[in-house]
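Working notes for the structure below.
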Amino acid sequence: AQATCITLATGSIIDLLISPSGQDIPVCHITHLTALSIYGRPFSLSYETVPIVSLAIHHLNTGNGVIVPEIAGLTDKCPMRFTAETSDDLFDVAESLKHVVEQDGRRIDGLKPRPCAFIGSFSSGISVPTSVVTGVLGYPQISYTSTSSELDNRGSHPLFGRTVPSDMANAVPVVQ
């Protein structure tokens, strides 16, 4: 298959794979930043997230709405396909930023696609700086565990989203 690169208005990248029949298949490659190891030891909680991300990608590619009803039939409405890779950020800011910069610099060679979005990191301490960089580069970033209220600042983190409330939203119920 032949690959062509499309840059979206946000700067994100969607690969176009040209099938032998000539049909363009858009592919969104998602990078999952997580701490598979901390201080040289495996971090089991992060290992649990890898199959979760893989299952989510599978559901997107098959239009399976069992868990998220809104994606039911997605494949009938949208020809886009999704791929993912996991990068071990070693629970380290510099390592995480290195992954973001390296992946932004990728060129389409058929083996190393550029990301269209990032998932992660496990820690707010890593999500804050990576979100600034991914936002500047035009990549959306979503986290399932980062709760820092700093990430609510849309000026510094314009393309950051999360699936858990910020610490600001948690403070009142905790006090009550």
>> I need a count of the residues in the stretch 126-176 that are more than 15 Å from the chain's Cα centre (by Cα) and under 20 Å from LEU45 (Cα atoms).
In response: 4
> Regarding HIS32, is this residue open to solvent by less than 70 Å² (accessible area, probe 1.4 Å), closer than 23 Å to ASP104 by Cα and out of contact with any Pro (no Cβ under 7 Å at 6 or more places or on another chain)?
Replying inline: yes
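If we scan the stretch 160-171, do we find a residue that is among the basic types (Lys, Arg), assigned to a loop (DSSP other than H, G, I, E, B) and on the phi < 0 side of the Ramachandran plot?
Within the stretch 160-171, the first condition is being among the basic types (Lys, Arg), and the residues that meet it are 162.
Next cut, assigned to a loop (DSSP other than H, G, I, E, B) only: none.
No: the stretch 160-171 contains no residue that is among the basic types (Lys, Arg), assigned to a loop (DSSP other than H, G, I, E, B) and on the phi < 0 side of the Ramachandran plot.
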>> As an exercise: evaluate LEU33 against (1) touching a Gly at 6+ places or on another chain (Cβ under 7 Å); (2) modelled with pLDDT of 90 or more; (3) in a helix (DSSP H, G or I) and give the number of the one condition it does not meet.
In response: (3)
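Can you confirm whether VAL100 is open to solvent by less than 60 Å² (accessible area, probe 1.4 Å), of a type in the set (Val, Ile, Thr) and in a loop (DSSP other than H, G, I, E, B)? Quick ask: steps written out before the conclusion?
Values: open to solvent by less than 60 Å² (accessible area, probe 1.4 Å): yes; of a type in the set (Val, Ile, Thr): yes; in a loop (DSSP other than H, G, I, E, B): no.
Taking the combined requirement at face value, the residue does not satisfy it.
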>> If I ask for residues that are within 15 Å of LEU33 (Cβ to Cβ), of a type in the set (Ser, Thr, Tyr) and part of a loop (DSSP other than H, G, I, E, B), which ones from the stretch 133-153 would you list?
In response: TYR139, TYR144, THR145, SER146
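Which residue, of ILE14, ILE71, is at pLDDT below 90 and in contact with a Pro (Cβ under 6 Å, 6 or more places away or on another chain)? Steps first, answer last, please.
Numbers: ILE71 fails: in contact with a Pro (Cβ under 6 Å, 6 or more places away or on another chain).
Matching residue, one of ILE14, ILE71: ILE14.
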> Just for the stretch 63-88: of the residues that are open to solvent by less than 70 Å² (accessible area, probe 1.4 Å) and in a helix (DSSP H, G or I), which one is nearest to SER121 (Cα to Cα)?
Replying inline: ILE71
>> Name the single residue that is farthest from LEU33 (Cα to Cα) among those in the stretch 103-132 being open to solvent by 40 Å² or more (accessible area, probe 1.4 Å) and modelled with pLDDT of 90 or more.
In response: VAL132
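Based on this model, can you work out whether SER156 counts as part of a loop (DSSP other than H, G, I, E, B) and free of Cβ contacts under 8 Å to residues at least 40 places away in the same chain?
Yes, satisfied.
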>> Looking at GLY138, GLY161, can you tell me which residue is free of Cβ contacts under 8 Å to residues at least 40 places away in the same chain and surrounded by fewer than 20 Cβ atoms within 10 Å (Cβ to Cβ)?
In response: GLY161
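The values are calculated or read from the model by the stated rules, or taken from the named source; none is laboratory data. These figures come from a predicted structure and were not determined experimentally. Glycine gets a Cβ as well: all are built from the backbone with ideal geometry, and neighbour counts include every protein chain shown. These accessible areas exclude ligands, DNA and RNA; they are computed on the full protein's heavy atoms, side chains included. Shrake-Rupley method; radii C 1.70, N 1.55, O 1.52, S 1.80 Å.
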